[in-house]
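Let me begin by presenting the structure, written as structure tokens, before commenting on it.
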């Protein structure tokens, strides 16, 4: 199977971006990013395989004056990306909907309001979710240029890669979906 390259006008929303082994930016080394939006105006996504170790869900709820339920300790707070790192985003299954919810595709929606955190804390949230602080963003044409420069591959998303708890292996599993062994990839464009 050949890796997907975006065609002009093709949106990567609902896809996963997988960092190539030669990714120069250490913030994105071996990351898997769920793409929430991609258009000629730019792109936005959330890293799904990197947590913020020094912040727990109960700590975050306390900072927001939200009463924690008994689910809190099991919820990771992810590093969504370096843009607006104090802003929260929740990727989730579309069984939870709010006026401010953006439906990305049939399996994933995005909500960035405090209401979803309250619902999750009270046990009334979506069936599956991923909480992230910050996001990964690209200006017009920037992401397409990075893909052409051998920075990223795109792969079809699946709920286990997005929401699954096995963070340490998501990058390798995403590469494996493309039939690629990451050890066989070169860091240089145009080389195998």
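What follows draws every value from the coordinates through simple rules; no lab data is involved. Nothing here was measured: the structure is a model prediction, and the numbers come from that model. Every residue, glycine as well, gets a Cβ built from its backbone with ideal geometry; the counts of neighbours run over all protein chains shown.
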Discussion item. Between residue 11 and residue 62, how high is the FRET efficiency from 1/(1 + (r/R0)^6) when r is the Cβ-Cβ distance and R₀ = 45 Å? Nearest 0.05.
Written reply: 0.75
Worksheet item: Using 0.36 nm per residue, how much length does the chain from residue 53 to residue 100 gain when fully extended, once their Cα-Cα distance is taken away?
Response: 14.1 nm
Practice prompt. Evaluate the distance, in nm, between pseudo-label points positioned 7 Å from the Cα of residue 25 and of residue 107 along their respective Cα→Cβ axes.
Written response: 2.5
Worksheet item: What relative contact order, as a whole-number percentage, does region 15-184 give when Cα pairs under 8 Å and 6 or more residues apart are counted?
Response: 29
Fill in: Between region 76-91 and region 24-64, the alpha-carbon center distance in angstrom
5
Item to complete: Determine the gain in length on full extension of the stretch residue 127-residue 85; use 0.36 nm per residue of separation and subtract their C-alpha separation, reporting nm with one decimal.
Response: 12.6 nm
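Quick check on packing: order 40-51, 87-98 by the mean number of other C-beta atoms within 10 Å, highest mean leading.
Ranked by mean Cβ neighbours within 10 Å, highest first: 40-51, 87-98.
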Response to the item:
Over the chain, the sum of -39500 (n - 2.57) across DSSP H runs of at least four, divided by residue number and rounded to 500 deg cm²/dmol, gives at 222 nm -4500 deg cm²/dmol
Worksheet item: So what are region 99-189's ellipsoid semi-axes, whole angstrom, largest first, if each one is the square root of 5 times an eigenvalue of the alpha-carbon gyration tensor?
Response: 30, 18, 11
Practice prompt. Taking every Cα atom in the chain, find the radius of gyration and the maximum pairwise distance Dmax, and write them in Å.
Written response: 16.6, 53
